[in-house]
Amino acid sequence: MLPLIAGNWKMNTDRASAVALAKGVAGGAALHKQVELLVCPPAVYLSSVAEALAGSGVALGAQNMYHEANGAFTGELSAAMLKDVGCQYVILGHSERRHILGETDAAVNKKTLASLAAGLVPIVCVGELLAEREAGQTAAVIRRQFEGSLAGISAEEIEKIVIAYEPVWAIGTGKVATPEQAEEVHADLRKLLIERYNERFAATVRILYGGSVKASNAGELLAQPNINGALVGGASLKAEEFLGIAAAG
Ligand code: 13P
């Protein structure tokens, strides 16, 4: 499987800087064929970024969606709308949505099922808070989020899913998980996949690490056997730094 290096731009950039950043990533993509590159701009810039990426092989993703297909859901966007503007991926259940906006495992599960039905690849995020890690609850939290967010996903569907492990204490803090800390959770996630499906299906699922990934620490993280890519926040806002992470893949 090709490692996936994904940039989550969060609520950053304006239209001009989003287009410039996309062009910067697109311009360097040909040098990094050993990884798949993905950028996830704010939804209002998806179309502009899609144009800037055209023909580059860099994939486009959204940062969130709603599970309903259409109707009276003011302010929400459906999976079909995201596909319509060129998205192949959608990030779901990011910790900022879980902890700032109150998104539950049940909501993430509905979105995951709807994204798959529409032909979008969901990147389903899990991760523990610092207090949960310190209380020795990391494995239990990850299991609960895995089971809740991925309930009812068939073996055929699981092959189309990406999982991202983002320890909340490592997001935007500069405090990266050590490769050993990250690999321990990634190996647990792989075991959960094997328990639920089987070795063959479990082996097809890319599990990304996210949390203060930079060009300088990406190599040792991506060298771990169960880390199959990175979900990058801050460092994805500079094309050169993001491509530096791709070079480590
Ligand atoms: P940082 O890379 O800024 O820590 O953010 C990680 C993240 O939340 C990516 O989704």
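Here are a few things to note about the model shown:
- Rolling a 1.4 Å probe over the protein heavy atoms gives the stretch 140-245 an accessible area of 40 Å² per residue.
- Per residue, the accessible area of the stretch 1-134 comes to 45 Å², computed with a 1.4 Å probe over protein heavy atoms only.
- Each Cα pair under 8 Å and six or more residues apart adds its sequence gap; the mean of these over the residue count of the stretch 77-214 is a relative contact order of 24 percent.
- Calculated on C-alpha atoms, the gyration radius of the chain divided by its Kirkwood radius gives an Rg/Rh of 0.94.
- Lys, Arg +1 and Asp, Glu -1 on Cβ, resulting dipole of the stretch 119-175 about Cα centre, debye, nearest 20: 160
- A simple packing score, the average count of other Cβ atoms within 10 Å per residue, orders the peptides 67-76, 44-53 as 44-53, 67-76, with the highest score first.
- In this Cβ point-charge picture (+1 for Lys and Arg, -1 for Asp and Glu), the chain has a dipole of about 300 debye about its Cα centre.
- Carbon + sulfur, % of accessible area of the stretch 1-49 - ligands and nucleic acids excluded, 1.4 Å: 61
- Ranking Tyr197, Tyr89 by solvent-accessible area of protein heavy atoms (1.4 Å probe, all protein chains present), from largest to smallest, gives Tyr197, Tyr89.
- For the chain, calculated [θ]222 nm from helices alone, where every DSSP H run of n ≥ 4 adds -39500 (n - 2.57): -12000 deg cm²/dmol
- Computed over the chain, relative contact order equals 21 percent, with contacts defined as Cα pairs under 8 Å that lie 6+ residues apart.
- Sulfur and carbon atoms: percent of accessible area, the stretch 151-249 [1.4 Å]: 52
The values are calculated or read from the model by the stated rules, or taken from the named source; none is laboratory data. What you see is a predicted model; the values in this text were computed from it and never measured. Backbone-built Cβ (ideal geometry, glycine too); neighbour counts: all protein chains shown. Quick note on the areas: whole protein, heavy atoms, side chains included, nothing else; ligands and nucleic acids left out. Shrake-Rupley method; radii C 1.70, N 1.55, O 1.52, S 1.80 Å.
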